[in-house]
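S.K.: Quick one: structure below, then a few questions.
Taken together, the values in this text are just the output of simple stated rules run on the coordinates, not laboratory data. The structure presented is a predicted model; accordingly, all values stated were derived computationally and were not measured. Don't worry about glycine lacking a Cβ; one is built from the backbone with ideal geometry, like all the others, and counts go over all protein chains shown.
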Amino acid sequence: MSTRLAWFSAIAAIAIFIGCDSKPGDRVSASAPTAIKEPYEVLKHLQYIGVHKDFKHLVLVAPVEPEVVYGSAWWFNKHAGELGVSLTEAEIDALGVGDLRSMGYLAPNVSHKELQENSDKVASKLMPKLPAGQENLDIDKLDLLPNLKYPNGKPNQTAEDLKNKYGRAALNAGLYRLTKVIPADVWPDIVVMEVKKNVNNPKIQTVLLGYQGNQVLEVAVYQNTDGNYGISYMYYKVAMKKLQALSSANK
């Protein structure tokens, strides 16, 4: 770890110690941070969104290139669905993805994981039928935006249309969903553990975030044409239930 990152982590640790009895909103500034100029700064943006739920701030931390935007949107929502985190009706409307809800790619308060588990229970006769609101959902669409190309390499016009019309909104929605995996009262305790350059693409750097010495989240930031960074990838290294349990441990 560089000297700069070592100081950053040390300062973060001191802040955690001082603020251990404070509310999350007291420990994460209510003022929105400025653009991500250095990869490690992505943490304060995720903390700000995770604690203060500022939907408008999502635009500032998004990548700019259209192909990157849609690819990230595809992954964010898929990973969120796999983890079992969904959006509420109000969040879907506020994030401007109501049309994706109507198309079946998103559903309020239901994730792909939950729908799959309930469908398996119905098939195994462990549940008589799907819960209300889930019976008309398509397991092959929920949280799964279509790929830009078919397996044979031909372009997928449906995906292209979604990219052009809803790509950025879908990215914002997926990114916000992934900030919900870590409880608000745990976000202030997350620290930067390491920053790694991508040997294959100099525009990408990976930031590893941790909690109490353990890696919990891998974040890739993509350098936009203005030199600032946008979040292009997030992957949780631990189960959502374990992260949610940290919330109770903090109380």
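S.K.: If you build the Cα gyration tensor of the chain and take the root of 5 times each eigenvalue, what three semi-axes come out, in whole angstrom, biggest first?
M.R.: Output for the chain: semi-axes of 31, 23, 16 Å.
S.K.: Near K196, which aspartates and glutamates are there with a Cα under 16 Å away, not counting those fewer than 8 places off in the same chain?
M.R.: Of all the aspartates and glutamates, those that pass the test against K196 - Cα under 16 Å, at least 8 places apart if same chain - are E38, E41, E218.
S.K.: Right, something else. With +1 on the Cβ of every Lys and Arg and -1 on the Cβ of every Asp and Glu, and nothing else charged, how large is the dipole of the chain about its Cα centre, in debye rounded to the nearest 20?
M.R.: 340 debye
S.K.: As a test of understanding, state the convex hull volume per residue of the range 32-81 from its alpha carbons, in Å³.
M.R.: 91 Å³
S.K.: A further question follows. Using 1/(1 + (r/R0)^6) with R0 = 35 angstrom and r between the beta carbons of M127 and K53, what's the FRET efficiency to the nearest 0.05?
M.R.: The formula returns an efficiency of 0.60 here.
S.K.: Could I ask something else about it? Go ahead and estimate [θ] at 222 nm for the chain from helices alone: -39,500 (n - 2.57) per DSSP H run with n ≥ 4, summed, over the residue count, rounded to 500.
M.R.: Dividing the helical sum by the residues of the chain leaves -13000 deg cm²/dmol.
S.K.: Run a plain Debye calculation on the range 141-251 (Cα atoms as equal point scatterers, no solvent) and give log10 I(q)/I(0) at q = 0.23 Å⁻¹, rounded to two decimals, same order as the q list.
M.R.: One equal scatterer on each Cα of the range 141-251 leads to -1.26.
S.K.: Now, a different point. Expressed as a fraction of 2.2 N^0.38 Å, the rule-of-thumb size for a compact globular protein of N residues, what is the C-alpha radius of gyration of the range 49-143?
M.R.: In units of the globular-protein estimate, the range 49-143 measures up at 1.20.
S.K.: Give me the number: length gained by fully extending E135 to N201, i.e. 0.36 nm times residue separation minus the C-alpha to C-alpha distance, one decimal in nm.
M.R.: 19.4 nm
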